[in-house]
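Just below is one structure, and these are the notes that go with it.
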Amino acid sequence: MTTAASEPSTERVPGRVWTVRLTGHADRTATVTCSTAACRMPPRSKEVAGLRAFAAAHAAAHARVATVHANAWCHCGSTQCAAHPDTTTHCAGGVALVLQHDPLVGRVWTLEEVCETCAPLIPNTRVLARATRPSPANQRPDGQGSAAQVPVPARPAVPGGFSSPTAEPADGQVHGPRRPRRTARPAQRRGQGR
């Protein structure tokens, strides 16, 4: 029996999505569900705060073990970009794993593989990881490429006066905000011009 060397697939695959949901019931109990059928969930309970903490930890666990597929289609684009209907765009760029969670509602945690164009347009999202395409420098010794998952660097605080965290001075020092320049006005004396 002969086996062919398995090469990484260059075919596009659907972007994956995981949804963890906290659902309340009329008797003041709640349940946690996950879109992955194999996941074990705690029983229905009146300890809603504990279930909410479990749901957040469960979504974080999915994020830790998920390897971003570099050849994934944008999941947002596959739903006609319903997550950001007010902004039209064309899916482009690399693939990112994002966590969408509205802290005000606090009931749904959604992990999605989306394109880098859609990621900043989806409200209440945070980019957790990005996938990179294999390059010759990224090849394994056996000749097979592997798409590496690149963690997103922590965003530094935006210094005052700058519009983005990447707008730091070249010397690396963060300077305070600039004050507007005052223009000289001609002196006016009181009582003149009568």
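The values are calculated or read from the model by the stated rules, or taken from the named source; none is laboratory data. Being a predicted model, the structure only gives us computed values, none of them experimental. So basically every Cβ, Gly included, is an ideal-geometry build from the backbone, and we count neighbours across all protein chains shown. SASA here: full protein model, heavy atoms, side chains in, ligands and nucleic acids out. Shrake-Rupley method; radii C 1.70, N 1.55, O 1.52, S 1.80 Å.
Summary table
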| read-out | value |
| --- | --- |
| Accessible carbon and sulfur surface of segment 61-138 relative to its total accessible area, %, 1.4 Å | 56 percent |
| Cα-based shape type of segment 53-138, given that a ≥ b ≥ c are square roots of the gyration tensor eigenvalues and the cut on a/c is 1.5 | oblate |
| Formal net charge of residues neighbouring Ala66 (Cβ-Cβ distance under 9 Å; K, R +1; D, E -1) | +1 |
| FRET efficiency, 1/(1 + (r/R0)^6) with R0 30 Å, evaluated for Val13 and Ala56 via beta carbons | 0.60 |
| Å² of accessible area per residue within segment 16-142, as computed with a 1.4 Å probe and no ligands counted | 58 Å² |
